[in-house]
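Some notes on the structure that comes next.
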Amino acid sequence: MAKAGTAKDGAGPEPGDDAHLDTQQSLGQLVSTATTNLSALLHDEIALLKAETREDIKRAGAGGAALGAAAVLVLFGIPVLSFAAAYGLHALGLHLAWSFLIVFGAHVLLGALAAVWGIAKMRQMRKPERAMNSTKETATVISDSLRGRSHPADRRKPAAGVARSES
């Protein structure tokens, strides 16, 4: 036999049913629930990120080890190549000391060119200004929305070339 006012007699949803909404919660309880759910969501997102990147990190480690081994082998080959170049110059008729000095000079010249190129590339680096501004703006918007204020960025179109996530 069903009680009066339950879902079984058609008068309304029964407490505990998925369709039941507890309209008696206070604003504080709703905010607490929302905060708890948001915290759980962030923890779940972080766990997902860790799980997805764990395998990539292992692959990167293996690839880095292989590249390191290749670099060591090339570095061991440079002296052999240098000796071969020096003895090749000696075979052309130069004194052995001059041959080694010319090879040394070539190494210094190549090192200087690599340093100039590296410094030029380093000077081209810039701070991620758009990302920093966007992060500051997001923090301001969230802070303002928690205080109940509207923010002009809520009504602004996204910058060109910046993809926005859909919520």
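Each reported figure results from applying straightforward, stated rules to the coordinates on display, with no laboratory input. Quantities reported herein were computed from a predicted structural model and do not represent experimental measurements. All Cβ positions, glycine included, derive from the backbone under ideal geometry; neighbour counts span all protein chains shown.
For segment 109-117, the Karplus equation 6.51 cos²θ - 1.76 cosθ + 1.60, evaluated at θ = phi - 60°, returns couplings of 4, 5, x, 5, 4, 5, 5, 4, 5 Hz by residue, with Gly and Pro reported as x. Each Lys and Arg contributes +1 and each Asp and Glu -1, all at the Cβ; summed about the Cα centre of segment 71-154, the dipole is approximately 260 debye. Using a simple spin-label model with pseudo-atoms 7 Å out from Cα toward Cβ, Ser82 and Leu96 lie 1.7 nm apart.
In order along segment 90-105, the Karplus-derived 3J(HN,Hα) couplings, from 6.51 cos²θ - 1.76 cosθ + 1.60 at θ = phi - 60°, round to 5, 5, 7, x, 6, 5, 4, 5, 5, 4, 5, 5, 5, 4, 4, x Hz, and Gly and Pro are given as x.
D by Stokes-Einstein for segment 78-144, Kirkwood Rh over Cα pairs, 10 °C, 1.306 mPa s: 99 µm²/s. Per-residue Karplus couplings for segment 25-42, computed as 6.51 cos²θ - 1.76 cosθ + 1.60 with θ equal to phi - 60°, are listed in order as 6, 7, 4, x, 5, 5, 5, 4, 5, 4, 5, 4, 5, 5, 4, 5, 4, 5 Hz, Gly and Pro entered as x.
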